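Only the coordinates and a few stated rules stand behind these numbers; no lab work does. Model, not experiment: these values are computed from the prediction. All Cβ positions, even for glycine, are placed from backbone atoms using ideal geometry, and neighbour counts span all protein chains on display.
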């Protein structure tokens with residue numbers, strides 16, 4: 001693993017971290033020059049404008065359902081973070097928030 005994806009994976013603890021082992025090679029040529037790589041524990045997405053961000057679980061699935069980076073949300077601009085009884089992640093085009101109690105993900109601007 002090299003470049004921004006490799007550096008980010010390393011900063012998260014390599015195979016001992018949240019993402020664990022890679023399950024694909026890095027794939028580039030996405031919108032706006034982006035790249036991604038899948039791991040046992042989620043995915044890393046990188047673009048020149050947003051840097052390398054990780055996604056996993058229901059927020060990742062909800063983002064995928066909107067069309068990944070080519071959809072209205074674009075790329076993630078931050079990693080998942082705690083948000084009042086759930087988790088939230090900000091994207092170029094909005095925010096996805098997971099309510100842990102219900103498992104529901106909602107989108108806000």
Order of 11, 47 from fewest to most other C-beta atoms within 10 Å? 11, 47
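Rounded, prolate or oblate, given the Cα gyration tensor of segment 38-99, with a/c below 1.5 counting as rounded?
On the way: a/c = 1.41, a/b = 1.26, b/c = 1.12.
It comes out rounded by the Cα gyration axes.
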What residue among 46, 63, 18 shows peak mean-square fluctuation when the chain is described by a Gaussian network model with Cα springs under 10 Å? 18
Mean ellipticity per residue at 222 nm, deg cm²/dmol - from DSSP H runs of n ≥ 4 across the chain, formula -39500 (n - 2.57): -4500 deg cm²/dmol
Evaluate the relative contact order of segment 3-108 (contact order divided by residue number), counting alpha-carbon pairs under 8 angstrom at least 6 apart; express in whole percent. 16
Would you indicate which of (1) 22, 17, 14; (2) 22, 17, 11; (3) 27, 14, 13 is the value of semi-axes √(5λ) of the Cα gyration tensor in Å derived from the coordinates of this structure? (2)
